[in-house]
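The values are calculated or read from the model by the stated rules, or taken from the named source; none is laboratory data. Model, not experiment: these values are computed from the prediction. In this analysis, Cβ positions are derived from the backbone assuming ideal geometry, glycine residues included, and neighbour counts consider all displayed protein chains. When the accessible area is computed, the model is the full protein with side chains, heavy atoms only, and any ligands, DNA or RNA have been set aside. Shrake-Rupley method; radii C 1.70, N 1.55, O 1.52, S 1.80 Å.
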Amino acid sequence: MTDVKYIFVTGGVTSSLGKGIISASLAKLLQARGYSVTIQKLDPYINVDPGTLNPYEHGECYVTVDGAETDLDLGHYERFLNVHTSQANNVTTGRIYQSVINKERRGDYLGKTVQVIPHITDEIKRSIKLVGSGGSYEIVITEIGGTVGDIESLPYIEAVRQLRWELGPQNCIVIHLTLVPFLHASGELKTKPTQHSVKMLLEEGIQPDVLVLRTEHPLTEDLRKKVALFCNVEAGAVVESIDVSTIYEVPLRMQKEMLDQTVLRKMGLSPGAEPELEEWKEFLRKLKNPAHRVRIALVGKYVELADAYKSITEAFVHAGAANETAVELTMIHSEEITEGNYREKLEGFDGIVVAPGFGSRGIEGKILTVSYARTNDVPFLGICLGMQCAVIEFARNVLGMEGAHSTEINPKAKHPVIDLMEEQKSVTEKGGTMRLGSYKCELLHGSESWKCYRKEEISERHRHRYEFNNRYLADFRNAGMIPCGTNPQSGLVEIIEIPSHRWFVGVQFHPEYSSTVLKPHPLFVGFVRACIKSLNNS
Ligand code: GLN
């Protein structure tokens, strides 16, 4: 027997059906009913973590407070639940194998042949139980990445089958998410792909308890009954997940479909109190009834894939609602910004953001963007590499330091105003070796950042190797670019501002990772406020 209840969320038919959002929405409802819940994501790829992945592959790499580089779904979990996740909340096949191989090298297996079953599946089960083992959670929701039937997800499905058998079906339930496509030619919703997908899951030894069907059109009662009959689930456990205008609507839809109640009943838990969702609904009301509209340009190099900047785009949704403002975000590719066109490309925006990033591609476009924002008094937010570009631009165009650069881009720069951090100089491996996770930062009283946070000391998440070169501090300060946030231990510059500008803030950390629905990030809220103000004054 076990005290912790496990819910597994698998996906079928296609990828990108939104397992992460369904998991986060269910967790939100259970949390709102008074249960302590956490979510875990198991990713079947062989990278040890997504930190080494190009954002074009799986979208943004999300960073937790404890410095884990994780899948972007953990961002959804934190944004919905308003609780921190950690390294244990994201496990990949690479990490599982790494741990098994380390044990084998240590001799832990006592001469046994090490195999997928039982050694890999045991390690998967251990990772699942680990999240619930601290005693902080009553319910653990584990999302299995990929699609049922994929070769690489087989060990995970097998681990779920074993756990269900070991813990009993009341302690371990499976929700399967599939797609019900609509055929325009015949005007019909089709259930066959769902039936096939459930058959595949059955072949792998799992009978799902609940089916969530993604659909563009409402499901009829008949269709639900048909799916229930062919897939061996109760009619009440066939749940409709219809397309909605915002992901933040999904918890309310799932509540209407009684997903939370069905799940609790199947696990033998009491429905608890009616979900407390007043603040959530208030957020949605503001989101849907904006009093203002601002246009913000997001300049980066991964703009072709919206997921590459997921936390930034969501942070603007939260900050927009907090200001009762619709934020219209336009992604602009930094490689397309040139000396000849930058004015034309950037004209008309109420605010400009330069995104985080790595490497030299598109860097001059980002620097030109900063120059436009600075000289035209457009509210500006530079995040990580965006802040570094602001420093480079200021050095070149205000301090007259020709050839000023980051040594990431030009190791021989005449003025290395951004330079490799001391502790990074001995690092040779790429995975998990950046300055990662939360660090403290002291704010300059009265600065724009301080006005946003209204605190002397903050803590924010990081993911970088380079930093402001303090050798140049006095030059910058004298010319009007002020360090307004510094790390109390190392003296590392965390925030720069230009007080003579309307609103110009560059941050070495990533505020976007900690913005949630119920706690919109103060810097994003302040930046949107500055954009509204500049709109009214221009
Ligand atoms: N490439 C820069 C660094 O490593 C910025 C990183 C980022 O934007 N996350 O310092």
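General observations
- Centre-to-centre, using Cα atoms only, region 460-508 and region 262-311 are separated by 32 Å.
- All lysines inside 26 Å of Lys103 as judged from Cα atoms, apart from same-chain residues fewer than 8 positions distant: Lys41, Lys112, Lys125, Lys129, Lys430
- The chain: angle of helix 278-288 to the longest principal axis, Cα-based, in degrees nearest 10: 60 degrees
- For region 109-209, trypsin sites (Lys or Arg not before Pro) are listed when DSSP marks them as loop and at most 13 other Cβ atoms sit within 10 Å of their Cβ; the list is Lys112.
- Beta-bridge orientation, the chain: approximately 30 percent antiparallel, per DSSP, counting only bridges with both partners inside.
- Structure note, pairs Lys190/Lys288; Lys190/Lys286; Lys5/Lys256; Lys226/Lys266; Lys19/Lys190: Cα-Cα distances above 25 angstrom occur for Lys190/Lys288; Lys190/Lys286.
- Environment charge at Tyr466 (Cβ cut-off 11 Å; Lys +1, Arg +1, Asp -1, Glu -1): -1
- Rounded D (µm²/s) - region 311-428, Kirkwood Rh over Cα pairs, Stokes-Einstein at 20 °C, 1.002 mPa s: 139 µm²/s
- Under the criterion of Cα pairs below 8 Å and six or more residues apart, the relative contact order for the chain equals 15 percent.
- Principal-axis tilt of helix 310-322 within the chain, Cα atoms, nearest 10 degrees: 80 degrees
- Each 10 Å bin from 0 upward holds the following percent of the Cα-Cα pairs of region 400-530: 12, 40, 35, 13, 1.
- Under 21 Å from Lys414, Cα to Cα: lysines that are on another chain or at least 8 residues apart: Lys366, Lys425
- Listed residues Ile46, Val63, Val83: farthest to the positive end of the dipole of region 25-84 (Cβ charges): Val83
- The chain, helix-only ellipticity at 222 nm - DSSP H runs n ≥ 4, -39,500 (n - 2.57), divided by all residues, nearest 500: -10500 deg cm²/dmol
- Counted over region 296-345 with a bin width of 5 Å, the fraction of Cα pairs per bin, in whole percents, is 5, 20, 26, 19, 14, 12, 4, 1.
- Taking the Cα centre of region 1-140 as origin and assigning +1 to Lys and Arg Cβ atoms and -1 to Asp and Glu Cβ atoms, the resulting dipole is close to 420 debye.
- Residue-normalised accessible area of region 34-85, given per residue in Å² at a 1.4 Å probe: 29 Å²
- The peptide list 211-218, 298-305, 423-430, put in order of mean Cβ contacts within 10 Å with the highest first, becomes 298-305, 211-218, 423-430.
- Both numbers refer to the Cα atoms of the chain; Rg and Dmax are 24.9, 75 Å.
- Note on region 460-535: percent of Cα-Cα distances in each 5 Å bin, starting at 0 and stopping at the bin with the largest distance, equals 3, 13, 21, 22, 19, 14, 6, 2, 0.
- Normalised by the number of residues in region 59-192, the mean separation of alpha-carbon contacts (under 8 Å, six or more apart) gives a relative contact order of 13 percent.
- In terms of packing, defined here as the mean over residues of other Cβ atoms within 10 angstrom, the peptides 135-141, 488-494, 508-514 line up highest first as 508-514, 135-141, 488-494.
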